[in-house]
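Below: the structure, in structure tokens.
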There are 2 protein chains.
Amino acid sequence: MKFCSDCGAPVTLKVPPGDNLPRHVCDACSAIHYVNPRMVIGCIPEWEDRVLLCRRAIEPRYGLWTLPAGFMENGETVAQAAARETLEEARARVELAEMFTVLSVPHVNQVHIFYRARLLDLDFGPGAESLDVKLVPEAEVPWQEIAFRTISTTLRHYYADRKAGSFSFHSGEILPVR
Amino acid sequence: MKFCSDCGAPVTLKVPPGDNLPRHVCDACSAIHYVNPRMVIGCIPEWEDRVLLCRRAIEPRYGLWTLPAGFMENGETVAQAAARETLEEARARVELAEMFTVLSVPHVNQVHIFYRARLLDLDFGPGAESLDVKLVPEAEVPWQEIAFRTISTTLRHYYADRKAGSFSFHSGEILPVR
């Protein structure tokens, strides 16, 4: 951020009075421009013993596999974001079940949230941001080609809970690889 | 948003190619400026049968009661945000327990997340954004003077679960009052 989005004057990074972190503050109108983490919301669409995965048609991680997910928009609920992203990326309609994972990814300023979901029909296919969409059984999950660690973490919790016979909620964090 | 934060030129609200929502797009450099929901993170600090409430010293809802909470910052986890806000607003140190509620508030573009937490000692007091901080038993919760519905909803889940003898995770949404 270099310019004030309110008045167009240059901004300076400094700690405002009463604050304890540097913010972009307008040199002209004194507006303080906060920047906050963004939420990435998606789901695990289930059909019998399989889950729906999408192969990414966009960067980052072009060509790798993910669960349908994307940035939450203003004006929607977390659940609405999960259903919308599933429709956009996999052209799939789902009935959401419980919220399943909430994972902080502090080094990229994101929080990822996934629901379990029931795929309503088999009329799905790649949206604009997907190369391919397919239902895979556990044995065919491409673990070495998963796009993000929040996805592999969510899938691991999913299969572990399924094996244990009961799903529970999981929160945690994904830290940078050292 | 009126000006581009990258180059300072005016922005126009329009639907970018391949998108389906209007965004602020720079007339000069074509940068697209997305605006996303913000997260408000806090906790329920427990001490024996009481919980720690803060009386707000800032707008909105000046003078009303809340759980310690505030906007999540870039670079931190949800759990770190909860502990930081509790230290800032109530000068209180906590050991976080489970994530307890995730509540969407779509009409204000926010998601509120609360943990249960154990207050570590009785050395607490009002931070800069609080008029007062106190430990209250259930019978003394000022239900008619709670600042936000996410707070009253979280407290209601807390007392219902405590009465039932077992705490579980709750997600949901707070819609506008009709």
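The values are calculated or read from the model by the stated rules, or taken from the named source; none is laboratory data. Keep in mind the model is a prediction, meaning the values are calculated, not measured. A quick note on method: Cβ atoms are made from the backbone with ideal geometry, for glycine too, and the neighbour counts reach across all protein chains shown. To get the accessible areas, we keep the full protein, side chains included, count just its heavy atoms, and leave off ligands, DNA and RNA. Shrake-Rupley method; radii C 1.70, N 1.55, O 1.52, S 1.80 Å.
Test A:Q110 against the stated conditions and say whether it is touching a Lys or Arg at 6+ places or on another chain (Cβ under 8 Å), surrounded by fewer than 20 Cβ atoms within 10 Å (Cβ to Cβ) and within 13 Å of chain B (Cβ to nearest Cβ).
Numbers: touching a Lys or Arg at 6+ places or on another chain (Cβ under 8 Å): yes; surrounded by fewer than 20 Cβ atoms within 10 Å (Cβ to Cβ): yes; within 13 Å of chain B (Cβ to nearest Cβ): yes.
Taking the combined requirement at face value, the residue satisfies it.
Look at segment B:66-112 and say how many of its residues are part of a loop (DSSP other than H, G, I, E, B) and within 11 Å of B:C43 (Cβ to Cβ).
Taking segment B:66-112 first, the residues part of a loop (DSSP other than H, G, I, E, B) are B:67-68, B:72-77, B:91-93, B:109.
From what's left, within 11 Å of B:C43 (Cβ to Cβ): B:67-68, B:92.
Summing the residues that are part of a loop (DSSP other than H, G, I, E, B) and within 11 Å of B:C43 (Cβ to Cβ) in segment B:66-112 gives 3.
Looking at segment B:158-177, is at least one residue surrounded by fewer than 20 Cβ atoms within 10 Å (Cβ to Cβ), within 23 Å of A:Y115 (Cα to Cα) and modelled with pLDDT under 95?
Yes: one or more hits.
Which pairs turn up if I take residues in segment B:68-94 that are within 13 Å of chain A (Cβ to nearest Cβ) and over 15 Å from A:N20 (Cα atoms) and look for partners that are open to solvent by less than 10 Å² (accessible area, probe 1.4 Å) and part of a loop (DSSP other than H, G, I, E, B) with beta carbon separation below 8 Å, at least 6 apart in sequence or on another chain?
So the pair list comes out as B:V78/B:M72.
Which residues, taken from segment B:8-30, are in contact with a strand residue (DSSP E or B) (Cβ under 7 Å, 6 or more places away or on another chain) and either farther than 17 Å from A:E88 by Cβ or in contact (Cβ under 8 Å) with a residue 40 or more places away in the chain (or both)?
Passing the criteria: B:G8, B:A9, B:P10, B:V11, B:T12, B:L13, B:K14, B:H24, B:V25, B:C26, B:D27.
Against the condition charged (D, E, K, R) and more than 22 Å from A:S130 (Cβ to Cβ), how does A:E48 come out, does it pass?
no
Being in contact (Cβ under 8 Å) with a residue 60 or more places away in the chain, touching a His at 6+ places or on another chain (Cβ under 8 Å) and within 14 Å of chain B (Cβ to nearest Cβ) is the filter here, so list the residues in segment A:128-173 that pass it.
Of everything in segment A:128-173, those that are in contact (Cβ under 8 Å) with a residue 60 or more places away in the chain, touching a His at 6+ places or on another chain (Cβ under 8 Å) and within 14 Å of chain B (Cβ to nearest Cβ) turn out to be A:T150, A:H170.
Determine, yes or no, whether B:E85 is touching a strand residue (DSSP E or B) at 6+ places or on another chain (Cβ under 7 Å), loosely packed, with under 15 Cβ neighbours inside 10 Å and on the phi < 0 side of the Ramachandran plot. Steps first, answer last, please.
On the way: touching a strand residue (DSSP E or B) at 6+ places or on another chain (Cβ under 7 Å): yes; loosely packed, with under 15 Cβ neighbours inside 10 Å: no; on the phi < 0 side of the Ramachandran plot: yes.
No: the conditions fail for B:E85.
Hey, can you tell me all the residues within segment A:1-37 that are open to solvent by 80 Å² or more (accessible area, probe 1.4 Å) and either in a strand (DSSP E or B) or touching a Gly at 6+ places or on another chain (Cβ under 8 Å) (or both)?
Correct list: A:K2, A:L13, A:K14.
Looking for whichever is more than 29 Å from the chain's Cα centre (by Cα), over 30 Å from A:L119 (Cβ atoms) and within 13 Å of another protein chain (Cβ to nearest Cβ) here; the options are A:P16, A:P22. Which one fits? Spell out how you get there, then give the answer.
On the way: A:P22 fails: more than 29 Å from the chain's Cα centre (by Cα).
A:P16 is the lone residue from the list that is more than 29 Å from the chain's Cα centre (by Cα), over 30 Å from A:L119 (Cβ atoms) and within 13 Å of another protein chain (Cβ to nearest Cβ).
Any chance segment B:44-58 includes a residue that's within 14 Å of another protein chain (Cβ to nearest Cβ) and either among the aromatic types (F, W, Y) or more than 12 Å from the chain's Cα centre (by Cα) (or both)?
Taking segment B:44-58 first, the residues within 14 Å of another protein chain (Cβ to nearest Cβ) are B:57-58.
Right, trim to either among the aromatic types (F, W, Y) or more than 12 Å from the chain's Cα centre (by Cα) (or both) and you get B:57-58.
Yes; the residues of segment B:44-58 include at least one that is within 14 Å of another protein chain (Cβ to nearest Cβ) and either among the aromatic types (F, W, Y) or more than 12 Å from the chain's Cα centre (by Cα) (or both).
If you go through segment A:68-78, how many residues are open to solvent by less than 30 Å² (accessible area, probe 1.4 Å) and out of contact with any Cys (no Cβ under 7 Å at 6 or more places or on another chain)?
Taking segment A:68-78 and keeping what is open to solvent by less than 30 Å² (accessible area, probe 1.4 Å), we get A:68-70, A:72-73, A:76-78.
Those still in the list that are out of contact with any Cys (no Cβ under 7 Å at 6 or more places or on another chain) too: A:69-70, A:72-73, A:76-78.
Residues flagged as open to solvent by less than 30 Å² (accessible area, probe 1.4 Å) and out of contact with any Cys (no Cβ under 7 Å at 6 or more places or on another chain) within segment A:68-78 amount to 7.
Would you be able to say whether some residue in segment B:117-139 is open to solvent by 20 Å² or more (accessible area, probe 1.4 Å) and part of a helix (DSSP H, G or I)?
Of segment B:117-139, the ones open to solvent by 20 Å² or more (accessible area, probe 1.4 Å) are B:118, B:120-124, B:126, B:128-129, B:131-132, B:134-135, B:137-139.
Checking which are part of a helix (DSSP H, G or I) leaves us with B:138-139.
Taking every residue of segment B:117-139 in turn, at least one turns out to be open to solvent by 20 Å² or more (accessible area, probe 1.4 Å) and part of a helix (DSSP H, G or I).
Taking A:R38 as the residue in question, decide whether it is within 30 Å of A:W143 (Cβ to Cβ), facing another protein chain (nearest Cβ under 8 Å), in contact with a Phe, Trp or Tyr (Cβ under 7 Å, 6 or more places away or on another chain) and in contact (Cβ under 8 Å) with a residue 60 or more places away in the chain. Full working, then the answer.
Values: within 30 Å of A:W143 (Cβ to Cβ): yes; facing another protein chain (nearest Cβ under 8 Å): yes; in contact with a Phe, Trp or Tyr (Cβ under 7 Å, 6 or more places away or on another chain): yes; in contact (Cβ under 8 Å) with a residue 60 or more places away in the chain: yes.
Yes; evaluated as a whole, the condition is true for this residue.
Hey, can you tell me all the residues within segment A:43-65 that are in a strand (DSSP E or B) and either under 20 Å from B:V35 (Cβ atoms) or open to solvent by 10 Å² or more (accessible area, probe 1.4 Å) (or both)? Quick ask: steps written out before the conclusion?
Our first condition is that a residue be in a strand (DSSP E or B); within segment A:43-65, this holds for A:43-47, A:50-56, A:65.
Passing the criteria: A:E46, A:W47, A:R50, A:R55, A:R56, A:W65.
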